[in-house]
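In what follows, a structure is listed as structure tokens, so that the remarks can point back to it.
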Amino acid sequence: MANACSLLSISPQVQGSNPRMNIYLARLICKSSWCLVTPPLSSQGDKHNEIDFEFLGNLSGDPYIMHTNVFSQGKGGREQQFYLWFDPTADFHTYSLLWNPQQIMFSVDGTPVRVFKNSEDLGVAYPKNQAMRIYSSLWNADNWATRGGAVKIDWSKSPFVASYGNFKAETCSASSDCSVNSWYGAEALESSEQQKLEWVRENYMIYNYCSDSKRFPQGFPAECTR
């Protein structure tokens with residue numbers, strides 16, 4: 001990165017490992033079980049890194065599911081899922097990623113919902129050495145997204161719409177003086193953030209790969225000890 005703390009364009013190539021991104025997502029009108037709206041960060045290639053916010057479509061009257069995942073060196077499978085405490089189709093909300101060398105924090109309207117710690121000391125690859133691009137898509141995921149793929153797409157419900165606005169991204173290179181950015185280099189949540197995170201996990205988390213003993217009968221992934 002040429003600038004210490006720069007405002008990136010709508011499709012930046014993030015060269016460093018310390019960006020913070022806010023996406024305001026509104027009118028998530030899927031009207032079906034299959035649609036998946038994704039505003040992730042991702043690199044390219046077989047050993048790609050990826051940080052995902054995904055929104056799973058629903059059956060009429062059911063809550064939308066916010067699906068999160070982290071890929072590092074081509075390995076994903078780190079899903080956590082949440083119900084939201086509001087209707088994401090009714091108004092704009094802010095979905096943010098804070099990504100620095102120590103941790104990745106997912107937030108919704110300023111409330112932390114997930115933290116993925118750097119666990120390289122445990123032998124777990126961490127996304128930090130590849131350029132990342134921001135992608136947004138709306139795609140057919142009826143092979144898995146709703147009830148394990150049991151409910152399929154209903155094309156009669158189209159069109160399917162997702163709207164974005166007020167995109168903002170900031171970056172900060174490790175060699176720069178970024179002391180004005182409290183998020184740079186942060187290794188732990190503040191106490192108020194930790195309380196909010198625990199509130200979300202207790203009341204709105206519906207799936208955590210680190211608790212899925214059927215999926216990992218031989219023991220949970222190493223990063224789950226964090």
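The values are calculated or read from the model by the stated rules, or taken from the named source; none is laboratory data. Since we're looking at a predicted model, the values are computed, not measured. No Cβ is skipped: glycine too gets one built from the backbone with ideal geometry, and neighbour counts run over all protein chains shown. SASA here: full protein model, heavy atoms, side chains in, ligands and nucleic acids out. Shrake-Rupley method; radii C 1.70, N 1.55, O 1.52, S 1.80 Å.
The residue that is modelled with the highest pLDDT, among those in the range 23-70 that are hydrophobic (A, V, I, L, M, F, W, C) and farther than 22 Å from Asn166 by Cβ, is Val70. Residues in the range 68-88 that are touching a strand residue (DSSP E or B) at 6+ places or on another chain (Cβ under 7 Å) and buried (at least 16 other Cβ atoms within 10 Å of the Cβ): Thr68, Asn69, Val70, Phe71, Arg78, Glu79, Gln80, Gln81, Phe82, Leu84, Pro88.
Out of all the residues in the range 134-145, is one or more at pLDDT 75 or above, open to solvent by less than 40 Å² (accessible area, probe 1.4 Å) and in contact with a Leu (Cβ under 7 Å, 6 or more places away or on another chain)? Checking the range 134-145: at least one residue is at pLDDT 75 or above, open to solvent by less than 40 Å² (accessible area, probe 1.4 Å) and in contact with a Leu (Cβ under 7 Å, 6 or more places away or on another chain). Within this structure, Val161 passes the test of being more than 19 Å from the chain's Cα centre (by Cα) and either closer than 24 Å to Phe82 by Cα or open to solvent by 30 Å² or more (accessible area, probe 1.4 Å) (or both).
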